[in-house]
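Nothing in this text is a laboratory measurement; each read-out follows from the coordinates by a stated rule. These figures come from a predicted structure and were not determined experimentally. Cβ sites come from the backbone with ideal geometry, for glycine too, and all protein chains shown count toward neighbours.
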Amino acid sequence: MESRYNPAEIENKWQQTWAAQGVDRTSEDPNKPKYYALSMFPYPSGNLHMGHVRNYTITDVIARVRRMQGFRVLHPMGWDAFGLPAENAAIQRGVPPADWTLKNIDQMRDQLRALGLSYDWEREVATCLPNYYRWTQWIFLQFFEAGLAYQKEAAVNWDPIDQTVLANEQVDSEGRSWRSGAKVERKLLKQWFFKITDYADQLLKDLDQLDGWPDRVKTMQANWIGKSTGAQVIFKTETGDDLEIYTTRPDTLWGATFMVISPEHPQIDDLTTAEQKAAIATYQAAAAAMSTIDRTAEGREKTGVWTGSYAINPVNGEQIPIWTADYVMMDYGTGAIMAVPAHDQRDFDFAKKFDLPIIAVIQPDGEDAEALDGATMTAAYAGNGVMVNSGPLDGVQAGKGKGKSVGAAIAHLQAQNIGQGTTNYRLRDWLVSRQRYWGAPIPIIHCESCGAVPVPNGDLPVELPQNVEFTGKGASPLSKLDDWINVPCPSCGSPAKRETDTMDTFLDSSWYFLRYPDANNADQAFDAAQVNDWLPVDQYVGGIEHAILHLLYSRFFTKVLRDRGLLNFDEPFKKLLTQGMVQSMAYKNPSTGKYLAPEELADLTNPVDPATGEALVTTYEKMSKSKFNGVAPGDVVDKYGADTARMFILFKAPPEKDLEWDDADVEGQFRFLNRVWRTVTAHGENAHTDTTPVGTNRRSSAPAAAPAPTAQADLTKPEKDLRRAIHTAIQAITEDLEGDYQFNTAVSELMKLNNALGEAKAIADSAIYSEGIETLLKLLAPFSPHLAEDLWQGLGHSDSIHQQPWPRFDPAALVSDEITLVIQIMGKTRGTIAVPADSDKAKLEQLARESDVAQKFIEGKTIKKVIVVPGKLVNFVLA
C-alpha cells in the first residue's frame, strides 16, 4: 500500500482494472431483483460541466449502493447526438457534423471514465448513428400507421435574406437572424406533427401514478397540458357564416362587446372588408415577424385592427365588431375569442385603447346592480359575485360548481342549440419536423398518386447522405440533393421524392431509455421481454429544465408503444430526481450588466470594475462561460482527484437544492479523504490477524445476515462504544440513501465514523476495530470508489469492494449500557453525568445527589423536592 494518498495514480489504475474485469457490466442473474438507474444523457458538446458531474455522480452512487444491496443494476450512458450545434460547426468551420459530433463523444467519454462512473459501456448508444436512428425511424412509422403522424401547414422562423428556416435558438432577443441579421419573419410551411393531443387526458390522469416524482414537476406538466372545461359557442357573421369560439366562462357572454380573431385565422380574408384589406395585411405582416412570447407578454400595449365586419352575439342578438389582434393565438382554442372587457384585463385594455363598450355582468356580492359601471371602471373585475345584465342568468351566483352560472350558461346554450359544453386542452399537437440536415430523416416518400408512403421496414435506415454542402443559406441541405431525393414510390413504382425534413431531436430522447436494455439488438428496436423486464426506470435523474417537454414526450411515446402492443407498462420513470444547479460566484457591473472574470479583479473581497472603478455586485449564479464563473471538472480532477470532486458535489448541498461552489470546501473533502487514507493504512500496517466483524462473514458473496446480537455481551466498553458508532453509521447512511437521498448527511456520517475510529486507536488490535475499518470502506465505496477499492485491496482482499454486500446494522449494537443524565438545580441545567441505562428512579436520584455536578450546588442546602424524569434528567428544587 502506498505511503501517501495519490489520487492520480490510484484512480487511473482502478479505472483500467475495473474495465478489464468487467466490474460494471450489467448482471443478468434472474434470481436478483432488477434496478434501473439512469441519468439524462448529454448532448456531446465536447466538454463536461459541473452540472453534468453532479447529475452523474448522484446516479452513480445510487447504482453502486443497489449493486452492493444485491440488485442486478442497469446503469448505462449514451449521447443525445443530433442537434443544431453540429450543423453550425459545419457552417462556421467546414467540419462535417458527424466528424465534429463523434470527436466530441470520444472526448466526453474519456472525461466520464475519469470520474469513475460505473457505466456499462457495452450498452452505449448515440442517437446520430444509423444503428440507432434506424429504430427512431421505425418508431416514427409506428406513429404513422397508428394515425398519430400527419402533415399540416405551420409557421416557422424565416430568414428573408438567407432564404432559410431558423430554429428558435438562431433568433436573437431582437427577433433577428443569428447569421444575416435580418428581421425574422413567420412563414407557413407544410410540417409533420404527432397527435399528442389524443393522449392529453391520459397524460394528465396518469400523473397520479407518479408518487416518486416531485410535486413541482407534476404541477408543471399538468399546467402545460392545461385541461379546462367550458363551451364551444357559435357566433354568426353578417353573411351568415359560423364563427366558433371556445370560452371557459360562457356565463359572461352577455358582456361580450366585440370579438377578436388571430391574424392567422383561416376566415380573416372573408371577414375583411375591401376598405380594411390594406390595414389588415400590414398588421398580419407585423404579427408574423413577432415571437409567440412577445405577442402574449403580460403588460404589453395592445394593438389591433378592425376587420370591417360584425358578428351577432347569440345570447342577446347584439351586433358586435370583429377585430384582429396579435395577442390571440391560432394554436389555442379556435383562434377566435369573445371579448368581455368588464371581466378580462387584456380585453379591458383593448377596449379602453379602441373606445369599445364595456358592460359589467358580474356584480360583487352585496352591491346593487349598478355597483360596476363599465364607463367608469378603471380595471377589469375578476372576482366573485352575482350575475346581472345576463337575461336568464340574472341573480345566479357567478362561477363554476353546482347551481352556479357557468353550468347554467352551458345548459342555456345547449337548449338554444347555439353552443355545447366541452373540454379543452392547452396542449397542442407536437411539431416534429425540422428543415435541417443533422437529424434523423423522416422515413416518408411522397408520390403524386399514392400520397405519403412509408419507407418499407427493410429499407431502413434512411441514411443521411455525406456529400452535403453547408452554407446556412437557402433550403435544407437535403432538399438540394437530387440523387438522394428522387426515388421510386414503394407502392406503385412511379417517380417519387423523399421527405427532406428531419426529426425534432426530442424524438431521439423520447425512447432512448427503451434501447438500453437491448442496446445491441440489430433486428429490433428492443426485445419486448427485455424491456418489460427492466422498465420502468427505477430512478431517473436530470435537470428541472426538462420537467415539461422531454418528460412529457417520453411518457407519450411509452403510452403509444404500449398501445401498439410493444410494452406492458404505462409510465417510463418510477422515481424522478431533479438535481439543483451548480452555482459559482459571479462579478457583475450593475450599470452596464457586464460580467468580469475574477482574474481581472485586484481584490475579490472588495471587487471593483478596473475600467470604471464602480463597485461590482457579487452573487452566486449558475456556472456559465459568459459569466466567467465556470469551474472545469478536469481542473478539479487533476488537482484533487475524481473522488474529491465526487465527495464535494455530494456533501455541499442536498441533491434537489442549488449548490454553491467553494474551493475551500473542495479542499476540505480532500483533507477528509487523506484522513481516511491514514486511518486505514495505519491499521493495515498493524492489523490484528482476526478481521472478521462480529456476527458476519465478510467473505460471503450474498447479502450478510444481521450480526448476532448475543456477541455484544462479550465486548469491553470501548469495543461496545466503537461498535455502536459503526452500526449507527450503517443505519444512518442506509436511510440517507433511500427515499429523498440525503447524500450530504451520509457524508457527514462517514466523517463521524472515521473520527470514532481515530478516537479508538487504543483498541486497534480488536476485531471490532477491524470491523469498523472494513465497514467504513464499504460505506465509502459508492461515494469515493477509487480510494475505497485501493484501501480494500491493501487490507489483503482480492475481490472488488464494489462486489461486497452492503453492511447491515445490528439493532443490539445501538443499545447503550449508559445514558447521559442531565442535572438541574431549580430547573436550570448545571451539567450531565453518565449513568447505567437500567437505573430506576431511586438509583438515578442517588447517582445525581452523589455527583460532583450536584454537590457544588446542594451541599449544605435544604432540598425541598426532587423531580426525576427517567432516562432524561434529575431536577433539585431547593428551599
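Quick one: which of Lys205/Lys559; Lys13/Lys639; Lys34/Lys752; Lys218/Lys402; Lys302/Lys400 span more than 22 angstrom between C-alpha atoms?
Pairs exceeding 22 Å: Lys34/Lys752; Lys218/Lys402; Lys302/Lys400.
Could you point to the residue in Phe526, Phe556, Ala496 farthest towards the positive end of region 467-580's charge dipole, with +1 and -1 charges on the Cβ of Lys/Arg and Asp/Glu respectively?
The residue sitting farthest along the positive end of the dipole is Phe556.
Kirkwood hydrodynamic radius of region 200-294 from all distinct Cα pairs, in Å? Please list the in-between numbers first.
Details: mean 1/r = 0.0582 Å⁻¹.
That comes to 17.2 Å for region 200-294.
How large is the direction-averaged shadow of the alpha-carbon convex hull of region 469-521, in nm²?
Directional mean of the projected Cα hull area for region 469-521 stands at 6.2 nm².
Note down the net charge around Asp721, summing +1 for each Lys or Arg and -1 for each Asp or Glu among other residues with Cβ under 12 Å from its Cβ.
Details: positive: Lys717, Lys720, Arg723, Arg724; negative: Glu719, Glu759, Asp817, Glu818.
That works out to 0.
In Å, what Rg and Dmax follow from the Cα atoms of region 26-102?
17.1, 54
Give me the angle, in degrees from 0 to 90, between the Cα long axis of helix 345-354 and the longest principal axis of the Cα atoms of the chain, rounded to the nearest 10.
That helix lies at roughly 30 degrees to the long axis.
Under a straight-distance cross-link criterion of Cα-Cα below 18 Å, which lysines are reachable from Lys473, leaving out those fewer than 8 residues away in the same chain?
Lys183, Lys187
Relative to the longest principal axis of the C-alpha atoms of the chain, give the angle of the C-alpha long axis of helix 7-21, reported between 0 and 90° and rounded to the nearest 10°.
With rounding to tens, the tilt is 70 degrees.
Projected area of region 547-631, taken from the Cα convex hull and averaged over every viewing direction, in nm²?
Seen from a random direction, the Cα hull of region 547-631 projects 8.1 nm² on average.
Strictly greater than 14 Å: what percent of every Cα pair in region 231-283 meets that?
Of all Cα-Cα distances in region 231-283, 61 percent exceed 14 Å.
To check my understanding: the extent here is largest minus smallest coordinate of the Cα atoms along each principal axis. What are those three numbers for region 775-863, in Å, largest first?
68, 22, 21
Any number yet on Rg/Rh for region 1-158, C-alpha, Kirkwood?
1.06
Using only Cα atoms, what is the ratio of the radius of gyration of the chain to 2.2 N^0.38 Å?
Taking the Cα Rg and dividing by 2.2 N^0.38 Å, one obtains 1.20.
Residue farthest toward the positive end of the dipole of the chain, with Cβ of Lys/Arg at +1 and Asp/Glu at -1: which of Leu576, Ile293, Leu393?
Leu576
Report ³J(HN,Hα) in whole Hz for each residue of region 639-646, in order, from the Karplus equation J = 6.51 cos²θ - 1.76 cosθ + 1.60 where θ = phi - 60°; Gly and Pro get x.
Working through the residues one at a time gives 7, 10, x, 5, 4, 5, 4, 4 Hz.
Taking loop as defined by DSSP and a crowding limit of 14 other beta carbons within 10 Å, which GluC sites (Glu not before Pro) in region 210-295 fit? Don't jump to the answer; show the numbers that get you there.
Values: sites: Glu238, Glu244, Glu264, Glu275; in loops: Glu238, Glu264.
Sparse-neighbourhood loop GluC sites (Glu not before Pro): Glu238.
If you take the Cα Rg of region 580-620 and divide it by 2.2 N^0.38 Å, with N the number of residues, what do you get?
Dividing the Cα radius of gyration by 2.2 N^0.38 Å gives 1.14.
Over all pairs of distinct alpha carbons, what does the Kirkwood formula give as the hydrodynamic radius of region 342-451, in Å?
Working: mean 1/r = 0.0550 Å⁻¹.
Here the Kirkwood hydrodynamic radius works out to 18.2 Å.
Give the dimensionless ratio obtained when the Cα radius of gyration of region 371-521 is divided by 2.2 N^0.38 Å.
Values: Rg = 27.9 Å, N = 151, 2.2 N^0.38 = 14.8 Å.
So region 371-521 has a normalised radius of gyration of 1.88.
Could you check the simple spin-label distance between Asn47 and Ala411, using points 7 Å along Cα→Cβ, in nm with one decimal?
So the label points at Asn47 and Ala411 sit 6.8 nm apart.
Quantify how much of the Cα-Cα distance distribution of region 347-402 extends past 18 Å, in percent.
34 percent
Rg to Rh ratio, region 119-227, alpha-carbon atoms and Kirkwood radius?
1.07
For the ranges 549-559, 288-298, what's the packing order if you count other beta-carbon atoms within 10 Å of each residue, average per peptide, and put the highest first?
Highest mean packing first, the order is 549-559, 288-298.
State, in angstrom, two size descriptors of region 746-821 derived from its alpha carbons: Rg to one decimal place and Dmax to the nearest whole number.
13.7, 47
Would you please give the FRET efficiency between Asp638 and Arg25, computed as 1/(1 + (r/R0)^6) with r the Cβ-Cβ distance and R0 = 30 Å, to the nearest 0.05? If you can, show how the numbers build up before the last one.
Values: r = 29 Å, r/R0 = 0.95.
It comes out at approximately 0.55.
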